[in-house]
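Below is one structure, written out as structure tokens, with a few remarks after it.
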Amino acid sequence: MNIPFTGLYQRIPKQLMRSCGYAEIYDQKTRKTSYVKTFGAGFYPRFHVYLDMKDNGFMVNLHLDQKKPSYGSNHAHNAEYDGTRVEQEGERIKRTIEQYKQNTQI
């Protein structure tokens, strides 16, 4: 699920994701930074977010990882990009981030 955010915010996207309860992780294999929010004590299942910076804001790319990807001969990635849980989390992220939107009216 892609969630666009345009305009100016009181915090940078990285801080906004922390405000949503996400922890930053860095994958040394892909050399990408992303953000995760787990459901319990384990690392899976978890919501997983990549941030894409845009000229007029940023995009939150959200999905639900059910279990650790099994890479090798078959590149299986057990992720959900839509569905009730992903949609509910997307709405929660929107509500949280929009609280930090700067009022540009004078």
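Numbers for the structure displayed
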read-out: Check: the chain dipole with +1 on Lys, Arg Cβ and -1 on Asp, Glu Cβ, in debye; value: 320 debye
read-out: Whole-number percent relative contact order across the chain, with pairs defined as alpha carbons under 8 Å at least 6 apart; value: 29 percent
read-out: Packing rank of 60-68, 81-89, where each peptide gets the mean count of other beta carbons within 10 Å, highest leading; value: 60-68, 81-89
read-out: 26 Å Cα-Cα threshold exceeded, pairs from Lys32/Lys68; Lys14/Lys101; Lys14/Lys54; Lys29/Lys94; value: Lys29/Lys94
read-out: Potential lengthening between Met53 and Ile25 on full extension [0.36 nm per residue; Cα-Cα distance subtracted]; value: 8.3 nm
read-out: Acute angle (nearest 10 degrees) that the helix 84-98 long axis makes with the longest principal axis of the chain, alpha-carbon atoms; value: 30 degrees
read-out: Spin-label pair Tyr44/Gln10, simplified geometry with 7 Å Cα→Cβ offset, distance in nm; value: 3.8 nm
read-out: Estimated FRET transfer efficiency when R0 is 41 angstrom, pair Asp82-Asn103 (beta carbons, to 0.05); value: 0.80
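Just so you know, all these numbers are worked out from the coordinates, no wet-lab data involved. Note that the structure is predicted; figures quoted are calculated from it, not measured. Counting neighbours? That spans all protein chains shown, and the Cβs are built from the backbone with ideal geometry, glycine included.
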